[in-house]
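The values are calculated or read from the model by the stated rules, or taken from the named source; none is laboratory data. Fair warning: this is a prediction, and the values are worked out from it, not measured in the lab. Note: ideal-geometry Cβ built from the backbone for every residue, glycine included; neighbour counts use all protein chains shown. In case anyone asks, the SASA skips ligands and DNA or RNA and just uses the protein heavy atoms, side chains included. Shrake-Rupley method; radii C 1.70, N 1.55, O 1.52, S 1.80 Å.
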Amino acid sequence: MNTDLEAAAAVIPGFVEKAPLERYVDPDRPSLVGRSRAHLAAALGQLGLPQAQRKMRVQQLWHWLYVRGVTSFDAMTSISKELRAALEQRFTVARPEVVAEQVSVDGTRKWLLRLPGENPNERPHEVECVYIPETGRGTLCISSQVGCTLNCTFCHTGTQRLVRNLTAGEIVGQIMVARDRLGDWPGERAPEGAIVPTDGGRFVTNIVMMGMGEPLYNFEAVRDALLVVADNEGIAISKRKITVSTSGVVPNIRRTGEEIGVMLAVSLHAVRNDLRDELVPLNRKYPIEALLEACRNYPGLTNAKRITFEYVMLNGVNDSLADAKALVKLLAGIPAKINLIPFNPWPGAIHECSDWETIEKFSEVVFNAGYSAPVRTPRGRDILAACGQLKSATEKLSARERMALRAMAMTE
Ligand code: SAH
Ligand code: SF4
């Protein structure tokens, strides 16, 4: 992938992409959280468990990890004491470490998670994950990378220098953390004040990969993680309730449909190549025509299973009525939903959000063309949890502010 990116950067003028670090090594006692059945079977093999017993033991581990959400091997009472002790010696069931938790006045919750650096001398990495409760559902927005190699002009994550891919375990780990903190496991209690969004059901009902990073540039880990999340004997979130958002990594769009089978969201943001080249520089490599062609051919696409096109409203940049008309024309024939996102400003951003009247007029054109055009209301603004603001705030915190955040997490 790196060489591919470098080649692209070399041939496309102005196309600057950062290369991700790929030096992650498992710690001495790796966590089994987020691992596939095959991986768990291999782990049991390492402990010397005979092949014939592995399948049954994997089933048990799977249940304890993903249905019950236990946080120690000791709690896995259907597994023999000897095997539990052997597991404990070689592995953990650790989740990413939560260094801060913030709760917005609108019920949005944001967790700052610390992930190990590539070696003990390096600063640990941090990602954020955001929970957004709504009536009838609770959506967890998770990250696929620390930072992002792409440099979309309106996105704060893109300004982060350091990039590393998350492992499948770290991706699933975000869901485990959210469910831990929300008391979202059988027999657990919700934190005070939290309202379960579903009737007697679960907190986390939907997953969107719209946090930090470009999921389709970390395809294998994202695929392996989402297959664990969707497994109906485990966490069991239906593939229709999982959405992967991409800025347009065309070659991996088909693979997303074929190998993962989840819902797709595409960050379009502009209807002309000259403008999209600027806003989403990846467009220079995969222009609008190629992107929409891949969308038309998205495996499993039907009217009941549409692609969501995201469109960030940037004042005076992409928000004219002509743009709105061109947008609906461009998407004609593709089973689509359109999500207009008010731009979330961040310190140093070169854009402004379109004014409300402009957004309304724009959405009217989209609505009249037959699309429901909900304007995604920014959630959790008071805790900087809205799109494109992830991580950015914490990165700029002083040591004192960081400590205050950490203290907040401890007293929660
Ligand atoms: N890299 C992927 C997924 C993460 S970004 C992608 O680009 O699709 C998730 C969504 O937030 C994308 O639609 C992105 O364009 C949007 N976004 C990024 N920064 C934003 C900002 N400052 N205001 C509003 N939306 C933003
Ligand atoms: Fe990366 Fe998505 Fe942000 Fe673009 S919008 S820089 S692809 S995270």
Would you mind calculating the gained length between ASN315 and ALA75 on full extension (0.36 nm times residue separation, minus the Cα-Cα distance), in nm to one decimal?
81.0 nm
Ranked packing of 305-314, 186-195, most packed first, by mean Cβ within 10 Å
305-314, 186-195
Compute the distance from the alpha-carbon center of segment 36-95 to that of segment 243-319, in whole Å.
40 Å
Pulled fully out, how much extra length does the chain show between ALA322 and GLU82, if you take 0.36 nm times their separation in residues and subtract their Cα-Cα distance?
79.5 nm
Stretched fully, the stretch from GLU352 through LYS305 gains (0.36 nm per residue minus C-alpha distance, one decimal, in nm) 13.7 nm
Under 27 Å Cα to Cα from LYS55, which lysines show up? Leave out anything in the same chain fewer than 8 places away.
LYS81, LYS239
In Å², what does the accessible area per residue of segment 63-194 work out to with a 1.4 Å probe?
39 Å²
Rg and Dmax of segment 246-374, using alpha carbons, in Å: what are they?
14.4, 42
Within segment 204-337, percent of DSSP bridges classed antiparallel, to nearest 5:
10 percent
To the nearest Å², the heavy-atom accessible area per residue of segment 269-315 with 1.4 Å probe amounts to 38 Å²
Using a 1.4 Å probe on the protein chains only, how many percent of the accessible area of segment 83-136 belongs to carbon and sulfur?
52 percent
If Lys and Arg each add +1 and Asp and Glu each add -1, what is the summed charge of the other residues whose beta carbon sits under 10 Å from the beta carbon of ILE288?
-1
